[in-house]
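The values are calculated or read from the model by the stated rules, or taken from the named source; none is laboratory data. Please read all numbers here as calculations on a predicted model, not as lab measurements. Virtual Cβ from ideal backbone geometry, glycine too; neighbours counted across all protein chains shown. Heavy atoms of the whole protein, side chains included, go into the accessibility calculation; ligands, DNA and RNA do not. Shrake-Rupley method; radii C 1.70, N 1.55, O 1.52, S 1.80 Å.
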Amino acid sequence: MDPRVAAVLARLEDRSIREQQELAELNDKGARFVREAASRFMLDVGVEVGKLLNLLARSLGARRVIEIGGSVGYSTLWFAEAVRSTGGRVVSFEIDPLKVALMRENLADAGLLEHVEIIDDDASKHLPSLEGPFDLVLIDHWKDLYIRDFDLAWPRVRRGGLVVADNILHPASTLEAMQAYVSHVRAAPGARSFTLSAGNGVEITARTDERGAR
Ligand SMILES: C[S@@+](CC[C@H](N)C(=O)[O-])C[C@H]1O[C@@H](n2cnc3c(N)ncnc32)[C@H](O)[C@@H]1O
């Protein structure tokens, strides 16, 4: 891997480790407490899922990757490193301006900024008009918005494309919303979907367009 990318990933992984204890305490209090303090935390997908996203993007030959919830750019870096090889582009949505500034800085430090379009706004305002088709979509923002934004993205996921949603199994405070999401996507037309217990748990939903596919 390009040493500039590796260095920024390592810097963010160090930051993430430092945040874990405080985050665990907030999660124990409830999802509302994490959301109120969200500007201070990366809330990243973690190394395992980061590597998974990178490999999925590479093996799909993804040229159009959509990220809903980019934070300071950890998952974005893994995607951008993959699309630099495939000749593709990442569109990353992040609503918090402080995080957008850090994401931009991190991508620039890694030499990957030109592979990412950052949209500093609510994803739902743009998803309906965003150019498709999408090869790969990551849903990793507020948990009560997953179903809404899955429904906006799904019609333009290409056949054979994937939607990956994070935090399916952890934290406990958002499990109920995640169970609703899992039931929802498994009933989507042409979807085949399963939960992989990597990182905080990811639901991987493939668009097969087969009748009755699950
Ligand atoms: C869990 S973090 C994303 C972590 C990131 N994927 C990573 O691995 O580093 C969720 C992010 O979603 C952002 N967010 C929440 N609602 C959003 C929305 N409607 N549109 C875009 N971003 C949103 C929050 O500001 C927060 O930074």
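Would you rank Ser183, Ser75 by solvent-accessible area, highest first, keeping every protein chain in place and using a 1.4 Å probe?
Largest accessible area first, the residues go Ser183, Ser75.
At 1.4 Å probe size, with the rest of the protein present, what percent of the exposed accessible area of the stretch 3-207 is carbon and sulfur atoms?
On the way: 4910 of 9010 Å².
The nonpolar share, carbon plus sulfur, comes to 54 percent.
Would you kindly derive the ³J(HN,Hα) couplings of the stretch 122-139 from the backbone phi angles with the Karplus curve 6.51 cos²θ - 1.76 cosθ + 1.60 (θ = phi - 60°), listing them in order in whole Hz, with x for Gly and Pro?
Once rounded to whole Hz, the list reads 5, 4, 5, 6, 10, 4, x, 10, 6, 5, x, x, 9, 7, 8, 10, 9, 10.
Towards the positive end of the charge dipole of the chain, with charges on Cβ (+1 Lys, Arg; -1 Asp, Glu), say which of Leu136, Gly70, Phe41 has the farthest Cα.
The one lying farthest along the dipole's positive direction is Leu136.
Among Ile66, Ile118, what's the order by accessible area (1.4 angstrom probe), most exposed first?
Largest to smallest exposure gives the sequence Ile118, Ile66.
Over 25 Å apart: what share of the alpha carbon pairs of the chain falls there, rounded to a whole percent? Intermediate results must be reported in sequence, preceding the final value.
On the way: 7381 of 22791 pairs.
Everything past 25 Å amounts to 32 percent.
With a ≥ b ≥ c the root eigenvalues of the C-alpha gyration tensor of the stretch 7-128, is it rounded (a/c under 1.5), prolate (a/b larger than b/c) or oblate?
Verdict is prolate for the stretch 7-128.
In debye, nearest 20, what is the charge dipole magnitude of the chain about its Cα centre with +1 on Lys and Arg Cβ and -1 on Asp and Glu Cβ, if you could check?
Around 720 debye, computed over the chain.
Starting from the Cα of Arg32, step 7 Å along the direction of its Cβ; do the same at His126; then give the gap between the two resulting points in nm.
3.1 nm
Run through the stretch 98-152 and list the GluC sites (Glu not before Pro) located in a DSSP loop whose Cβ has at most 16 other Cβ atoms within 10 Å.
Details: sites: Glu105, Glu114, Glu117, Glu131; in loops: Glu131.
Passing sites in the stretch 98-152 are Glu131.
So what is the relative contact order of the chain, in percent, for Cα pairs below 8 Å that sit 6 or more residues apart?
Details: 386 pairs, mean separation 37.3, N = 214.
Normalised by residue count, the contact order of the chain is 17 percent.
Among Lys99/Lys125; Lys29/Lys51; Lys99/Lys143, which pairs are too far apart, with a Cα-Cα distance over 22 Å?
Distance filter (> 22 Å) returns Lys29/Lys51.
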